[in-house]
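The values are calculated or read from the model by the stated rules, or taken from the named source; none is laboratory data. For clarity, every value in this text was computed on a predicted model and none was experimentally measured. Cβ: placed from backbone, ideal geometry, glycine included. Neighbour counts: every protein chain shown.
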Amino acid sequence: MAKSPKKVPAVKPPNAPDAGHSGSPPLVSRMGLDMPDALLLGIDSPAVSQAASTSAAASTPPTVTVHALPDATENFSATRNAIAWPQERFHELVPVAQNEGLFTGPDQRTYAQIANEGQFVVEQDGQGNYHVPLTFAPGVPGLPLTRLEGQTTWQIRRPERLSNRPASATPNLPSYISPADAMTLSKPELATEGLRYNRLRQTFVTTVDGTVMVRKNKDGEYQQAFASTSNAPDVFFEQIPGTVFWRQKPLGAKPSQTPAQSSQPGEQTDQATPGPSKRPRLAEAAETLTASTAKPSSNNDQTPYFWLPWGHLNKPAHTESVQLGWLHYPIVPVGSNTAPTVYFVCHPEFSPSGFDAFENMLKNAPEQQPVATFRIGSDPGEVHPGKRFFEEPITTSVARAFPDFSQATTTAVARRLFELADHSPTITGTGLINVQAVLHQWKQLPFSTAPDFADPLNMLAIAPDIDLGGKRLIPMPSQTDSELQRLTFDPQHFSSAWNHYKTYPSDLNLRRLLGALLVGCGYELFPLTYEHRMPTLVFKRAGHDQIFFLKLGAISQAGLTHVPGNELTEPSLPARIGQDAFTALTDAATRNKVVWLIGGVLKVASTPDSVFIIRER
């Protein structure tokens, strides 16, 4: 079985937010899914919303406990007055002569005319830039402002598109890769002076603030580097003596031979160079690390509040939004869970959409995905740090959970999960929570606590058939249909088992081949019997009451015929599947809990052989 390709870390610009953060409250798991603490940001119960339940599970209690948020409308005036000047008292503001669009109020605070939203309190930082202060989030930089050219009004400066701009927008600030990407790198060793590598042999160093891609320049210094361009900012690093950690060199420092530079000046290489193993000078290292850690990060996207500048001073029209603090944030529609605990704040450059657009965003601009957060209090309202739910595209997560699926099936299952999560073709907050919960459970085979709708076999639509006078013809469903009608397994992913079957194509080996694929997908097979004619498999999932009945065969055309009927009445069935399987099947049939499947090997001219499963009824 082939392994999923190893993820190659890519360097993100300093404004590209990190995929995770700390500080989420503990999650109290009461029933259903076993979710990590930081995953759902304070949802009291596990994770899959009741809206995604199938009809068979309609009587089960809701799997998400929701709490009504404090009504902020009663406090809106108070919180807004903290930064907004009353329009009826506009005449009391005194214009600042040297800077159009700014005013001084009787309270000696500075106000700015922000677009057509009104006059709001602003503050000036050490670089002379103005921003709207966020007193409800202490320590977080305020909303940056820029004055419209040739006008007397200001506007909030929204985040720029980052996916095509690898270099840092702010000079002399490192661009860190995500912690998830850093986990894929080689371990730092003193023998290699703390240099780390990915599978492309690109070089990285780790500082107390994060991990950075570097390249040795002609002066022998390690300089910030990017995989997508040869341009490099003037950001240099040196090793902290006696440790595997590095630090940024002060701006203007002369090039020097640092402990990490064991090659001659002028040599440009990304290869590790061996050096003497040194015993760490612990006191010096600890002092340096403590001092570096104490420095506040100037890279806003490295903080849990990177999304705060996405807010609006006034409630946006024609879109769902939530008030956090005194700002309004467009959100992903909440969906069927009308009393949500978690809200998904929308990035200014990505609007709620269907699967294709959402998946493309996760592949090419994951920093634009909605950010999950919630509100605590309402006067002025404490804002909880935000979290991005998705560290990779949904199709990648499906491929990791079911590595033997073909690419077409992987995409079809990802799409179907997206649509079933809240029974909607476009994203909703309820759907995003359910999708993430299922993806988490799929990492824990046999995913016994995942809901029934998350089973790829349950996602299958019943294959349409044609009456042929006592028989039924089932045309082989297309892989490109919008509705998932077939699961296909790619033999390239299990070449050893496939070659064994091709060499000895017996009914027994057909059962073994499909059985091994199903076990790899997290199912439990009832033991095989010695009767292999009319090959059949019976299997189930741990913790679920459904029984799957799979009739097998080798199909040499683009369709198959079968005689419909009640398989339970066949005299040979107990011998074919075993008495335990027959008892479980009979009991499940009385409760309408049997899923009837047809599968096997598909041989079609001009098409590579494959293994398939379709749903008969």
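Within the stretch 483-496, residues that are in the same structural domain as V611 (by TED's automatic domain parsing) sit with their Cβ atoms under 6 Å from residues that are assigned to a strand (DSSP E or B) and not hydrophobic (A, V, I, L, M, F, W, C), at 6+ positions apart or across chains, in these pairs: T488/S610. Based on what the data block shows, is A461 surrounded by 20 or more Cβ atoms within 10 Å (Cβ to Cβ) and in contact (Cβ under 8 Å) with a residue 24 or more places away in the chain? Judged against the criteria, A461 is not a match. Looking across the stretch 477-516 at every residue that is within 15 Å of K551 (Cα to Cα) and among the hydrophobic types (A, V, I, L, M, F, W, C), the one that is surrounded by the fewest Cβ atoms within 10 Å (Cβ to Cβ) is identified as L508. Taken over the stretch 595-608, the criterion of being under 38 Å from the mean Cα position of the chain (by Cα) and more than 18 Å from G515 (Cα to Cα) is satisfied by K603, V604, S606, T607, P608. One residue stands out in the stretch 323-344 among those that are among the aliphatic types (A, V, I, L, M) and buried (at least 21 other Cβ atoms within 10 Å of the Cβ): the one that is farthest from T430 (Cα to Cα), namely L327. Within the stretch 217-235, the set of residues being part of a strand (DSSP E or B) and without any contact (Cβ under 8 Å) to a residue 60 or more places away in the chain comprises Y222, Q223, Q224.
The residue that is nearest to L487 (Cα to Cα), counting only those in the stretch 573-609 that are modelled with pLDDT of 85 or more and of a type in the set (G, A, S), is G599.
Going by what's in this entry, would D422 be described as at pLDDT below 90 and either out of contact with any strand residue (DSSP E or B) (no Cβ under 7 Å at 6 or more places or on another chain) or assigned to a helix (DSSP H, G or I) (or both)? Spelling it out, it is not the case that D422 is at pLDDT below 90 and either out of contact with any strand residue (DSSP E or B) (no Cβ under 7 Å at 6 or more places or on another chain) or assigned to a helix (DSSP H, G or I) (or both). Summed over the stretch 537-569, the residues that are modelled with pLDDT of 90 or more and of a type in the set (S, T, N, Q) give a count of 1.
Among the residues of the stretch 202-216, those identified as in contact (Cβ under 8 Å) with a residue 40 or more places away in the chain, among the aliphatic types (A, V, I, L, M) and in a strand (DSSP E or B) are V205, V212, M213.
Whenever a residue of the stretch 533-552 is among the acidic types (D, E) and surrounded by fewer than 22 Cβ atoms within 10 Å (Cβ to Cβ), its partners that are modelled with pLDDT of 90 or more and part of a loop (DSSP other than H, G, I, E, B), lying with C-beta atoms within less than 6 angstrom and at least six residues away or across chains, give the pairs D545/K593.
Among the residues examined, R512 qualifies as free of Cβ contacts under 8 Å to residues at least 60 places away in the same chain and assigned by TED's automatic domain parsing to the domain that holds L602. Considering the conditions (1) surrounded by fewer than 18 Cβ atoms within 10 Å (Cβ to Cβ); (2) touching a residue at least 60 places away in the same chain (Cβ under 8 Å); (3) within 16 Å of W310 (Cα to Cα); (4) of a type outside the set (A, V, I, L, M, F, W, C), S351 is excluded by exactly one of them, (2).
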